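The values are calculated or read from the model by the stated rules, or taken from the named source; none is laboratory data. The model shown is predicted, which means the values in this text are computed figures rather than measured ones. Please note: Cβ atoms are built from the backbone with ideal geometry, for glycine as well, and neighbour counts cover all protein chains shown.
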Amino acid sequence: MNVLRLAGVLALSGALLTPLAQAHEGHDDGPAAPTGQAHPRFALESEAFELVGVLEGQRLAIYLDRHASNEPVNDAKIELQLGDASYTAEPHGPGEYEVTLPQPLPAGELPVTATLAVGPEADLLAGELHIDEAVHDAPAAAPAWRRYAPWAVGGLALIAALGLARGRGKRDAPLEGARA
C-alpha cells in the first residue's frame, strides 16, 4: 500500500470515527452541570471536627478532618449510629474511614450520630442522612463510550470491506505488459 493510499484510509477513518462537536446557542455558559445521580451524603461538624459520609450502595465512605485547618484526622476511633444500628468505622487512608453495611439502608430520613475519639479529644456529632427512593431504583449509568462503540465498529468494518474490495480488484485485473 503506498503512502497516499494509507493517508487516505487514515483520513477517512478519522472522519468516520470522530464525533462532531459543535457548540450552539446556550452552550458557552461554562461547565455543564452533572447529570448523574449524586450519592446520598451527610455532613456533621463541631468546633473541632468535620465529618462527611458518602453512601455508595452498602459501603459508607467517611472523611474526617479538623474544622479549623481542614487537616485530615488519622487514627481516630469512630462509632457511628445510623438509625437503630451501630457501626465501627475502619481506617481506609489518610483521613478516610469506611463502614460496610450488612444490607442497604432504607429510603427516607435517617438520624446519624458519630462519636469520635482522637487521642485525648472526644466529640459527638449529629445530623441526618436523606436517602431518595430513586437511589435504590436507579440503574447504573452506562459509560459514554458505549454510545459510540457501534459506530466505531461499523466504520472500521466499512473501511476493512472497502480495502479488501479494492485489493481484490487490483489482484484480478491483468497486469499491463504481462506475457500470455
Search the stretch 62-81 for residues being surrounded by fewer than 15 Cβ atoms within 10 Å (Cβ to Cβ) and acidic (D, E), and hand back the single one that is modelled with the lowest pLDDT. D75
Hits in the stretch 115-129 - residues which are under 26 Å from A38 (Cα atoms), crowded, with 17+ Cβ neighbours inside 10 Å and either charged (D, E, K, R) or within 28 Å of the chain's Cα centre (by Cα) (or both): L129
Cross-chain or 6+ apart pairs with Cβ under 7 Å, the stretch 50-75 first and under 15 Å from D123 (Cα atoms) and touching a residue at least 40 places away in the same chain (Cβ under 8 Å), then surrounded by 14 or more Cβ atoms within 10 Å (Cβ to Cβ) and of a type in the set (D, E, K, R): V73/D65; V73/R66
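Rundown of residues vs (1) modelled with pLDDT of 95 or more; (2) loosely packed, with under 15 Cβ neighbours inside 10 Å, yes/no style:
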{"position": "G83", "(1), (2)": "no, yes"}
{"position": "A89", "(1), (2)": "yes, no"}
{"position": "P104", "(1), (2)": "no, yes"}
{"position": "I131", "(1), (2)": "no, no"}
{"position": "H136", "(1), (2)": "no, yes"}
Looking at (1) outside any loop (DSSP other than H, G, I, E, B); (2) at pLDDT below 95; (3) of a type in the set (G, A, S), which is the only condition A141 fails? (1)
Filtered residues of the stretch 59-98 (kept if over 24 Å from E47 (Cβ atoms), acidic (D, E) and part of a strand (DSSP E or B)): E90, E98
